[in-house]
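Taken together, the values in this text are just the output of simple stated rules run on the coordinates, not laboratory data. Just so it is clear, the model here is predicted, and its values are computed rather than measured. Here Cβ is always computed from backbone atoms with ideal geometry, including for glycine, and neighbour counts include all displayed protein chains.
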Amino acid sequence: AQSVTQPDIHITVSEGASLELRCNYSYGATPYLFWYVQSPGQGLQLLLKYFSGDTLVQGIKGFEAEFKRSQSSFNLRKPSVHWSDAAEYFCAVGAGSGGYQKVTFGTGTKLQVIP
Amino acid sequence: EAQVTQNPRYLITVTGKKLTVTCSQNMNHEYMSWYRQDPGLGLRQIYYSMNVEVTDKGDVPEGYKVSRKEKRNFPLILESPSPNQTSLYFCASSLGPPTTRNTEAFFGQGTRLTVV
């Protein structure tokens, strides 16, 4: 069975600083990996996804993530954080085949941005 | 406007009183899911549906039922709710299942359920 670990429950960064959110996954085959963002009181929005090919994936809102198979990681990065990036971020892995297709989310990392 | 609509947004009910949370999408998506979100646990998949009349258990299906009689609707049914089902529930849909390229999930706004 697949699993996702987000080791940081809460992260605080200054506006304009760089950001890296960590995500480690466990899955026996090639994973389908995602990062979602949840603003307060809202549903989730897809930031980016990885299926195959280039290990550096570009997403919306200036985010990118790098897939590292050797480390089983899919960390999310942004070079300069804006106050509007304050939200909760979830890493997820999609797995399965045929009629068996599940999504497993990590426990989330809450990002606080200070002026 | 493309969207996933859940109703109700807020619900307080008593233990054992059957309830249904509706979910409807207008994007002709095949894959639909229900999740519950609890503090410190993230989102956990309750049930999913690959298409009409095709549903399967996620990671936490106990105490829940679903049906998929039409492509656009995927209601979540709690036959006998208990306090441990107090949670924030999300419905999501995507064009394809999680291991395909058409797998961007669109989420509803959530339903906050309290069972007393």
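How about region B:34-43: which of its residues are more than 7 Å from chain A (Cβ to nearest Cβ) and either assigned to a strand (DSSP E or B) or farther than 15 Å from B:GLY110 by Cβ (or both)?
B:TRP34, B:TYR35, B:ARG36, B:GLN37, B:ASP38
If only one of A:LEU46, A:LEU19 is under 11 Å from the mean Cα position of the chain (by Cα) and not acidic (Asp, Glu), which one is it?
A:LEU46
Report the residue count in region A:57-80 for those that are surrounded by fewer than 20 Cβ atoms within 10 Å (Cβ to Cβ) and under 21 Å from A:LEU111 (Cβ atoms). Lay out the reasoning, then the answer.
Looking only at region A:57-80, we keep the residues that are surrounded by fewer than 20 Cβ atoms within 10 Å (Cβ to Cβ), and these are A:58-62, A:64, A:66, A:68-73, A:75, A:77, A:79-80.
Filter once more, keeping what is under 21 Å from A:LEU111 (Cβ atoms): A:58-62, A:64, A:66, A:73, A:75, A:77, A:79-80.
Of the residues in that region, 12 qualify.
Among the residues that make up region A:23-45, is at least one of them more than 13 Å from A:THR109 (Cα to Cα) and touching a Cys at 6+ places or on another chain (Cβ under 6 Å)?
The answer is no; no qualifying residue exists.
What strands (runs of 3 or more DSSP E), lying completely within region B:48-116, carry at least 1 residues that are closer than 12 Å to B:TYR35 by Cα and more than 10 Å from every other protein chain (Cβ to nearest Cβ)?
Strands (runs of 3 or more DSSP E) meeting the threshold: B:76-78, B:87-94, B:111-115.
If you go through region A:76-83 one residue at a time, do you hit one that is over 22 Å from B:THR103 (Cα atoms), charged (D, E, K, R) and not in a strand (DSSP E or B)?
There is no residue in region A:76-83 that is over 22 Å from B:THR103 (Cα atoms), charged (D, E, K, R) and not in a strand (DSSP E or B).
If the Cβ limit is 7 Å and pairs must be 6+ apart or interchain, which residue in region A:8-19 that is within 16 Å of A:GLY108 (Cα to Cα) pairs with which residue that is outside any strand (DSSP E or B)?
Correct list of pairs: A:ASP8/A:ARG22; A:LEU19/A:VAL81.
Of all residues in region A:86-115, which are charged (D, E, K, R) and within 10 Å of chain B (Cβ to nearest Cβ)?
Hits for region A:86-115 are A:GLU88, A:LYS102.
Anything in region A:36-69 that is more than 12 Å from chain B (Cβ to nearest Cβ) and either in contact with a strand residue (DSSP E or B) (Cβ under 7 Å, 6 or more places away or on another chain) or farther than 18 Å from A:SER3 by Cβ (or both)? List them, or say none. Give the derivation first.
Step one: list which residues in region A:36-69 are more than 12 Å from chain B (Cβ to nearest Cβ), which gives A:54-58, A:61-69.
Once the filter is applied, which keeps residues that are more than 12 Å from chain B (Cβ to nearest Cβ) and either in contact with a strand residue (DSSP E or B) (Cβ under 7 Å, 6 or more places away or on another chain) or farther than 18 Å from A:SER3 by Cβ (or both), region A:36-69 yields A:ASP54, A:THR55, A:LEU56, A:VAL57, A:GLN58, A:LYS61, A:GLY62, A:PHE63, A:GLU64, A:ALA65, A:GLU66, A:PHE67.
If you scan region A:12-43, which residues turn out to be over 15 Å from A:VAL93 (Cα atoms) and buried (at least 16 other Cβ atoms within 10 Å of the Cβ)?
Of everything in region A:12-43, those that are over 15 Å from A:VAL93 (Cα atoms) and buried (at least 16 other Cβ atoms within 10 Å of the Cβ) turn out to be A:VAL13, A:LEU19, A:LEU21, A:GLN38, A:GLY43.
Which one of these is more than 11 Å from the chain's Cα centre (by Cα), of a type in the set (Gly, Ala, Ser) and in a strand (DSSP E or B): A:ALA95, A:ALA1?
Going through A:ALA95, A:ALA1 in turn, just one is more than 11 Å from the chain's Cα centre (by Cα), of a type in the set (Gly, Ala, Ser) and in a strand (DSSP E or B): A:ALA95.
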